[in-house]
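Have a look at the structure below before the remarks.
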Amino acid sequence: MNKIKLTVEKLKGYNNDSYSLLDLGCRDKKLQSLLPSTVSYLGVDIHENRDVISHDLENVLPFSDNSFDVVTALDVVEHLENSHQLFNELKRVSKDIIIVSLPNIYHWGFRLRFLLGRDLGRKYKFPSEPVKDRHRWITSFDSSVQFVQENSGSFNLNIQPIVIERFGYRRVFQLFDSIGIHISPNLFAYGVFFDLRKSDF
């Protein structure tokens, strides 16, 4: 299940589907399209977009403490030089729940690309012109878990490996990953999903 579907699943029924949600790095607001209409949604992104607050997440968030019931940062933290500051900001503006996902660049698929002399992806290219939106860190399953555990503060933490959804003949790779994550999440998890809550699950 991908990170957006996992987020929707984790929030299903929370506060009777009536809550405020801040979606950091929201891009095209895909998450909003899957949430109930009763959710008060606000998207923030570095790119200009309709109905989205434009903000550089390297800076302090322009919201007061406990402004939102839920704050999400799906594959965002690894884009920032000052990841620790952002994580502190997530805790500051969240009233109850923080949902974070991080990619696992140690996944065998990325390793194979690198072995074959291919780029890890456009977010890791060494461009001739400055690029603001790029990965700053090569994250692994283990390093991501350690980062979040050590920065979660008083939040209760639930950790879940992400297995990428595949279709057709590629479903065999999904099965391969689903079994492999129990042996070596660093090698078989495509990412890590974190559900942090101030209240019990």
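Computed from the coordinates by the stated procedures, all read-outs in this text should not be read as laboratory data. Remember, it's a predicted structure, so these values are computed and weren't measured experimentally. Backbone-built Cβ (ideal geometry, glycine too); neighbour counts: all protein chains shown.
Output yes when any residue across region 132-141 is closer than 30 Å to VAL70 by Cβ and part of a helix (DSSP H, G or I), and no when none is.
yes
Any chance you could count how many residues in region 1-16 are part of a helix (DSSP H, G or I) and closer than 27 Å to ARG134 by Cβ?
Qualifying residue count for the region: 5.
Mind checking which residues of region 142-167 are assigned to a helix (DSSP H, G or I) and either under 16 Å from GLY191 (Cα atoms) or hydroxyl-bearing (Ser, Thr, Tyr) (or both)?
ASP142, SER143, SER144, VAL145, GLN146, PHE147, VAL148, GLN149 - these are the residues of region 142-167 that are assigned to a helix (DSSP H, G or I) and either under 16 Å from GLY191 (Cα atoms) or hydroxyl-bearing (Ser, Thr, Tyr) (or both).
Is it the case that region 5-23 has a residue that's of a type outside the set (Phe, Trp, Tyr), under 19 Å from the mean Cα position of the chain (by Cα) and farther than 30 Å from ILE181 by Cβ?
Yes, because at least one residue in region 5-23 is of a type outside the set (Phe, Trp, Tyr), under 19 Å from the mean Cα position of the chain (by Cα) and farther than 30 Å from ILE181 by Cβ.
Consider region 56-80. How many of its residues are among the acidic types (Asp, Glu) and within 19 Å of SER20 (Cβ to Cβ)?
2
Can you tell me which residue in region 17-54 is surrounded by the most Cβ atoms within 10 Å (Cβ to Cβ), limited to those that are part of a strand (DSSP E or B) and of a type in the set (Asp, Glu)?
ASP23
Which one of the conditions (1) part of a helix (DSSP H, G or I); (2) surrounded by 20 or more Cβ atoms within 10 Å (Cβ to Cβ) does LYS91 fail to meet, given that it meets all the rest?
(2)
Can you find a residue in region 158-176 that is touching a Ser or Thr at 6+ places or on another chain (Cβ under 8 Å), farther than 22 Å from LYS5 by Cβ and of a type outside the set (Asp, Glu)?
Checking region 158-176: not a single residue is touching a Ser or Thr at 6+ places or on another chain (Cβ under 8 Å), farther than 22 Å from LYS5 by Cβ and of a type outside the set (Asp, Glu).
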